[in-house]
Amino acid sequence: MPDQEPSNHELSFTAGAFAVFLCVIFGSNAVAVKIAFSGMGVFTVAAIRFGIAALAIFLWARMSGQTIALQKGQVHQILIFSALFTFQLSLFYLGLSKSNASRGTLLSNLLPFFVLFLAHFFIPGDRITRRKFFGILLGFAGVVFMFLDEEGIRAGFRMGDLIILGAVTVWSCATIYLKRIITTFHPFQIVLYSTMFSVPLFFLGAIIWDTHMVFALNAPVIGSLLYQSLITASFGFVAWNTMLKKYGAVSLHSFLFIMPIAGVGLGGLVLGEPITFKILLALVFIVSGILVVHWHPKRAISTYPIRRGM
């Protein structure tokens, strides 16, 4: 049975700096995905990324002596979660191919607000307080500003944003389901089996829907794939959950507001995406909402693993 109780050590300066570094890694993932799209099809990128990530996590689990085999009764649970995971990522990658990384990052960081709303109805004892409700309002106010932004918007962006919003909705449902089953799993098992499940389906999607699976294989495309696979999905996952076990979710979740800041900032710096006044307002509202929801250092919160797969 997995050990779910973190030791809740106080964060040192080095540990805090490392938590910031991890949040920047997670926040920059959409930028790396967009770079990969410049040389590969949407589903091809997803298939290769999660294929490499699954192999890396499998090798890490074997070398570190982790239990890979599932217990009786876990197979159907992992199949349900894996199906949601695959559908979620398919929508996100498709939507991101039609939008900007900065907009995709802002929308994906609505996840905490969706989860709070659903948890109120489906997780016993996880109720929406006035503070949480205010945080939800701030988060969705940010989305309103983002959709009001008209500068630098190309044809199809609205559809891409709506598809990403659908991906976040599915992601929140998957997170609620994960919260109900996580105590019977080691966190890495969830990631390993969901990525293994998704890879053949992504390859099938690439064969059917990608006009060209690979059309410009160069150093930035290869580098972005390795970054997504080995840094974000593999190293990031192992490092975050190691920190989670030692310091607890309360300390680490205080840094989540860095993710949308990193995504929007790097989208502008690396990809040259327009960072307009309304995008900045959207960022301020979403970051403020995250802070309102998560910044309560003296109260224990759930230790389910963060999923920054998108």
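The values are calculated or read from the model by the stated rules, or taken from the named source; none is laboratory data. Since the model is a prediction, treat every value here as computed from it, not as a measurement. Quick reminder, even Gly has a Cβ in these numbers, built from the backbone with ideal geometry, and neighbours come from all protein chains shown.
Before moving on, here are some points about what is shown:
- Residues of segment 10-49 that turn out to be charged (D, E, K, R) and outside any helix (DSSP H, G or I), as a count: 1
- Just one of (1) closer than 19 Å to Lys278 by Cα; (2) of a type outside the set (A, V, I, L, M); (3) touching a residue at least 60 places away in the same chain (Cβ under 8 Å); (4) in a helix (DSSP H, G or I) fails for Gln189. It is (1).
- Filtered residues of segment 218-257 (kept if of a type in the set (A, V, I, L, M), crowded, with 18+ Cβ neighbours inside 10 Å and either modelled with pLDDT of 95 or more or farther than 22 Å from Phe18 by Cβ (or both)): Val221, Leu225
- Of all the residues in segment 57-77, those that are part of a helix (DSSP H, G or I), farther than 12 Å from Phe188 by Cα and in contact (Cβ under 8 Å) with a residue 12 or more places away in the chain number 1.
- Here His120 meets each of (1) free of Cβ contacts under 8 Å to residues at least 40 places away in the same chain; (2) touching a Pro at 6+ places or on another chain (Cβ under 8 Å) with one exception, condition (2).
- Any hit, segment 119-133, residues being hydrophobic (A, V, I, L, M, F, W, C), part of a helix (DSSP H, G or I), touching a Gly at 6+ places or on another chain (Cβ under 6 Å) and under 25 Å from Leu148 (Cα atoms): no
- Hits in segment 193-223 (condition: farther than 20 Å from Phe87 by Cα, among the aliphatic types (A, V, I, L, M) and not in a loop (DSSP other than H, G, I, E, B)): Val214, Ala219, Val221, Ile222
- Single unsatisfied condition, Leu148 versus (1) buried (at least 16 other Cβ atoms within 10 Å of the Cβ); (2) touching a residue at least 60 places away in the same chain (Cβ under 8 Å): (1)
- Search result, residues across segment 259-281 that are surrounded by fewer than 20 Cβ atoms within 10 Å (Cβ to Cβ) and part of a helix (DSSP H, G or I): Ile261, Gly265, Gly268, Leu269, Val270, Leu271, Phe277, Lys278, Leu280, Leu281
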